[in-house]
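The values are calculated or read from the model by the stated rules, or taken from the named source; none is laboratory data. Computed from a predicted structure; not experimentally measured. In this analysis, Cβ positions are derived from the backbone assuming ideal geometry, glycine residues included, and neighbour counts consider all displayed protein chains.
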Amino acid sequence: MTLAVMVLSGFVAAAVSPLIVRMGGRAGARVLALLPIGLFLYFATLGPDIRDGEVIGAGWDWAPDIGVRLSFAVDGLALAFLLLISGIGALVVVYAADYLKGDPRLGRFMLALLAFMASMLGVVSADNIFTLFVFWELTSVTSYVLIGFDHEREASRKAALQALLVTGGGGLALLAGLVLIAQVTGETELSAINAAGDALRGDDLYLPILLLVLAGALTKSAQFPFHFWLPSAMEAPTPVSAYLHSATMVKAGVYLLARLHPAMGGTTEWHVLVTTFGAVTMVVGALLALSQFDLKRILAYSTMSVLGLLVMLIGVGEPLAIKAMVTFLVAHALYKAALFLVAGAVDHEAHSRDIRELGGLARVMPYTAAAAILGAASLAGLPPFFAFIAKEAVIEATLETGLAGGWLLVGGLAATSAFLVFVAWTVCLAPFFGQRDRARDAHEAPPGMWGPPVLLASLGLAVGMAPVLVEDWLLRTAGEAVLGAPLKVNLALWHGLNAPLAISVVSIAAGIGLFAVRDRTRQVADAVSALVGRAGPARLYDGGLLALNVTAGAQTRLLQNGYLRFYLIVVLASFVGLVVLSASVVGVPEMDPSLRGTAFYEWVIVALVVAGALLAVLFSSRLAAVAALGLVGFGIAAVFALYGALDVAMTQILVEALTVILFVLVFYHLKSTLRPPARAQLMRDIVVAGSFGLVMTSLVLAATSNQVAEPISGFFSDESVPAAFGRNVVNVILVDFRALDTLGEIVVLAVAALGSYAMLRLQFGKDDEP
Amino acid sequence: MTSSILRTTSQLLVILFLLFSAFLLWRGHNEPGGGFAAGLVAAGAFSLYAVAFGADAARKTMPVDPALLIPLGLLVALVAGLAGLVTGDGFLAGQWFTLSLGRDEVKLGSPLLFDVGVFLTVIGAVMTIIITLAAEE
């Protein structure tokens, strides 16, 4: 229970944050950081139990027949993420309070940020697959709001929409995959699904399921070829980039693959698909980072590369690889968030993110520079940082892998490391050292903005020097949750002179070398970038969106041309066509048009109704036609009354009365007589109306002549009094037995009314004030 | 419309209609009636008032703006459904309790609240359309 409250508390805080910010300004925003800090401490207290092997869970049924529950389960993997999300979240809140100081939108920003945090917490702690999906989509939605925060700028809006459509499309695929998993395994709780792994892996549907789940994970984690939304997402304010697009949201795809690894991992398809996508992303991302000059874009591409590395490791799936994955996950979150925050501070104080314009800031921004140096050293994977240990673990995993083509992975990894060293030098050296004019006007960022990156980067150093701090309770438990088997995690700075160390040294040297000839390196990188761009998924996205809009416009102009008669004809004709089609396939059912037992007064009513219909068609005055239609309506009401459905009859009569008023009000604006229709039009109308009538009659006859099952009316009349305490069966059905249908009906009614209101106001309100 | 007969009689009739509508709503569970019919009668009452006195006067007579009644009615219906969730029977499961008034007992339940939601939505929907149409004369 506490767990659920903790996870959902973010939403409550989000709801009140605009108020708090309005009352307290920047200090108020800082106070909001207390929530993530509190959550971090709470989650930390779960550590000891999880270390001992417990899984902390809670759950409530929502729709038990289809397995939908709101349930949470926290094990090592979830705990690692929970701590990262809440911890970095707290720091980002503090940072954002200064970054957006004085901005009137600060309250809204905090709302979206805290809502995102809560959604992300929900994703990583969810146990039921539908709970997971709901929170997954919530992160997409909140990310949309956050990326497009500067909504006055078109670039922001475009980037936000791009991210939403790509991750949303992946989300749909993910839902399909999750539903299929539930079908195959019969379970909807991840803990149970992970226990049923063999059933899932052996099933025929395994590959489609894998592809669907991959679509969700790869889009969310910006893997090639779905990576293009991530650099665009840099339009977001920097606190957002630091939080979502480096440490948390983009890791959701990695989390998903890690979480499902016990159930789906280890097959050939998994090894091939996941590892390949990951490895390609890793190399391409790092390569593309080389040609960028915008600090945030450089960091975005390097993030993409690291995400690819993590996915690749999950693809390999061996114990060493998993150990490396969880280690690198934590290390990367620490330094990448720090570097993004540094980039934001530089942007805020020096008003530029372009490394060609920046320089010499170390003199005026010493603390920020310190964070940058620490972060960059982690990015390059230098000892004694935690990131170095992580990198060594990754190299070891790729060296020792039993998979075919492992040497390809090693090569790709070495190249990536070299590129990242280059990137690290760029990110750290360019803005802070050297000599540029911009440095003269800049000054150090406020403590709220240099504090968080310094803290995060220093953590990278501290944990690097004492990895035992996180080895057991965090990394081991996380790794075991992913692996589904016991794991030993022994990290140290010095493992002796071995192959991983040699490869590290070589790649660092290569990276420095690349930097030395940086112009040449950039040329090559630009060439690759152009190639990717031309063939590129981004072009596909833009083209696809354009085609969608064009098609939608054309189809709407064709089918929704504004004439009610046209819509009716389309609906009626399609209906007739489809019924005739199905009758030609399944055969015409028996129809028994027995006229026994009909009384003369029933025939009188029928005659009145028919007369009313004919007169409505023949009259040329609108009001007379409405009156004739009223005759039809009252006739039908009489039929209802004859059959004992008094409620329905009553409603029908009332509707007729109100319809008359409505028609009169509408006709005020129209000509009072109707033009007689042209011959061709008349023929068409007769054919459509006539065939529709015939088809409906046949359907009713067929339905009443063939009893396919016991009519449920018996159940309703039997149960009406004992179960629902009502003697009016119709009403009881409406508000009790089938209340859900009625709820849908009144929603439709509401939408129709609001739609009519909108259309009327648009039409009439042209000359009035709104 | 300036007919004085219409104006005088409609003032009386509107009150009668509204009383009848409440009556229909209350008795719906055991006798013919119910939320839809009651809502339509009430809407008929206000429409009559609009025909006699004009749309603006009709809107002012309504204590709540009709466009606001629509979401309000939906909300009431939803809350009635949530009662079932609270007790664990499931969404929209009917929850009943008995109220004793002296010698008689009255059974009240969430279906009645749901019917009230339907009632409000119907009034809101119909009156929104009618008042908007009538106001443009």
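Take the residues in the stretch A:137-152 that are in contact with a Pro (Cβ under 9 Å, 6 or more places away or on another chain) and in a loop (DSSP other than H, G, I, E, B), then tell me which one is modelled with the highest pLDDT. Out of the qualifying residues, it is A:PHE149.
Cβ-Cβ contacts under 6 Å between residues 6 or more apart (or on different chains), taken from a first residue in the stretch A:100-113 that is at pLDDT 90 or above to a second residue that is surrounded by 21 or more Cβ atoms within 10 Å (Cβ to Cβ) and of a type in the set (S, T, N, Q), are listed as A:MET110/A:SER17; A:LEU111/A:SER17; A:ALA112/A:THR142. crowded, with 17+ Cβ neighbours inside 10 Å and in a helix (DSSP H, G or I) - does that describe any residue in the stretch A:51-64? Scanning the stretch A:51-64 turns up no residue that is crowded, with 17+ Cβ neighbours inside 10 Å and in a helix (DSSP H, G or I). Checking each residue in the stretch B:107-137 for being closer than 30 Å to B:LEU85 by Cα, touching a helix residue (DSSP H, G or I) at 6+ places or on another chain (Cβ under 9 Å) and either more than 8 Å from chain A (Cβ to nearest Cβ) or surrounded by fewer than 24 Cβ atoms within 10 Å (Cβ to Cβ) (or both) picks out B:GLY109, B:SER110, B:LEU112, B:LEU113, B:VAL116, B:PHE119, B:LEU120, B:ILE123. Count, please, the residues in the stretch A:713-732 that happen to be farther than 18 Å from B:TRP96 by Cβ and among the β-branched types (Val, Ile, Thr). Of the residues in the stretch A:713-732, 1 are farther than 18 Å from B:TRP96 by Cβ and among the β-branched types (Val, Ile, Thr).
Out of A:VAL735, A:VAL721, A:VAL730, report the one residue that is at the interface with chain B (Cβ under 10 Å from one of its Cβ atoms), free of Cβ contacts under 8 Å to residues at least 12 places away in the same chain and crowded, with 18+ Cβ neighbours inside 10 Å. From the options A:VAL735, A:VAL721, A:VAL730, the qualifying one is A:VAL735.
When B:PHE119 is tested against the conditions (1) touching a residue at least 40 places away in the same chain (Cβ under 8 Å); (2) over 23 Å from A:VAL748 (Cβ atoms), the lone failure is (2). Here the stretch A:633-678 is the region considered, the condition is being touching a residue at least 24 places away in the same chain (Cβ under 8 Å) and among the hydroxyl-bearing types (Ser, Thr, Tyr), and the residue that is farthest from the other protein chains (Cβ to nearest Cβ) is A:THR673.
So, B:SER10, is that one surrounded by fewer than 18 Cβ atoms within 10 Å (Cβ to Cβ), out of contact with any Ser or Thr (no Cβ under 8 Å at 6 or more places or on another chain) and without any contact (Cβ under 8 Å) to a residue 60 or more places away in the chain or not? No: the conditions fail for B:SER10.
Can you list the helices (runs of 4 or more DSSP H) found entirely within the stretch A:619-733 that contain at least 2 residues being under 23 Å from A:GLU602 (Cα atoms)? Result: A:622-642, A:646-667, A:679-705.
Restricting the stretch B:27-50 to residues that are within 23 Å of A:SER756 (Cβ to Cβ) and either surrounded by fewer than 19 Cβ atoms within 10 Å (Cβ to Cβ) or aromatic (Phe, Trp, Tyr) (or both), which is nearest to the other protein chains (Cβ to nearest Cβ)? Looking at the filtered set, the residue picked out is B:PHE36.
Between A:SER584, A:SER574, the distinction of being over 36 Å from the mean Cα position of the chain (by Cα), loosely packed, with under 12 Cβ neighbours inside 10 Å and assigned to a helix (DSSP H, G or I) belongs to A:SER584 only. The single residue among A:SER756, A:SER691 that is more than 7 Å from every other protein chain (Cβ to nearest Cβ) and among the small types (Gly, Ala, Ser) turns out to be A:SER691. Just one of the listed residues (A:VAL524, A:VAL468, A:VAL482) is closer than 30 Å to A:GLY359 by Cβ and among the hydrophobic types (A, V, I, L, M, F, W, C), and it is A:VAL524.
Residue count for the stretch A:173-205, restricted to those that are surrounded by fewer than 15 Cβ atoms within 10 Å (Cβ to Cβ) and assigned to a loop (DSSP other than H, G, I, E, B): 3.
Residues are listed down the side, and each one gets a yes or a no for (1) surrounded by 12 or more Cβ atoms within 10 Å (Cβ to Cβ); (2) within 9 Å of chain A (Cβ to nearest Cβ); (3) not acidic (Asp, Glu):
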| position | (1), (2), (3) |
| --- | --- |
| B:VAL76 | yes, no, yes |
| B:VAL79 | yes, no, yes |
| B:ALA83 | yes, no, yes |
| B:PHE91 | yes, yes, yes |
| B:GLY94 | yes, yes, yes |
| B:THR98 | no, no, yes |
| B:GLY102 | no, no, yes |
| B:GLU105 | no, no, no |
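Can you work out which of the residues in the stretch A:274-300 that are part of a loop (DSSP other than H, G, I, E, B) and not small (Gly, Ala, Ser) is surrounded by the fewest Cβ atoms within 10 Å (Cβ to Cβ)? Among residues in the stretch A:274-300 that are part of a loop (DSSP other than H, G, I, E, B) and not small (Gly, Ala, Ser), the one surrounded by the fewest Cβ atoms within 10 Å (Cβ to Cβ) is A:PHE293. Of all residues in the stretch A:676-718, those that are surrounded by 13 or more Cβ atoms within 10 Å (Cβ to Cβ), modelled with pLDDT under 85 and within 44 Å of the chain's Cα centre (by Cα) total 0. Note on the stretch B:61-74: residues that are surrounded by 14 or more Cβ atoms within 10 Å (Cβ to Cβ) and either within 11 Å of chain A (Cβ to nearest Cβ) or polar (S, T, N, Q) (or both) total 8. Would you tally the residues in the stretch A:120-131 being among the aliphatic types (A, V, I, L, M) and either outside any helix (DSSP H, G or I) or surrounded by fewer than 24 Cβ atoms within 10 Å (Cβ to Cβ) (or both)? Selection size over the stretch A:120-131: 1. Only one of the numbered conditions (1) exposed (fewer than 10 other Cβ atoms within 10 Å of the Cβ); (2) in contact (Cβ under 8 Å) with a residue 24 or more places away in the chain; (3) charged (D, E, K, R) is not met by A:GLU602, and that is (1).
For the criterion of being assigned to a helix (DSSP H, G or I) and charged (D, E, K, R), A:GLU590 fails. Among the residues making up the stretch A:91-119, those that are part of a loop (DSSP other than H, G, I, E, B) and under 13 Å from A:ALA27 (Cβ atoms) are A:LYS101, A:GLY102.
Selection of first residues in the stretch A:499-521 that are surrounded by 13 or more Cβ atoms within 10 Å (Cβ to Cβ) and of second residues that are of a type in the set (Val, Ile, Thr) and assigned to a helix (DSSP H, G or I), restricted to Cβ pairs under 7 Å at least 6 apart or on distinct chains, gives the following pairs, ordered by first then second residue: A:PRO500/A:ILE395; A:ILE503/A:ILE395; A:SER504/A:ILE395; A:SER507/A:VAL421; A:ILE508/A:VAL421; A:GLY511/A:VAL421; A:ILE512/A:VAL421; A:LEU514/A:THR521.
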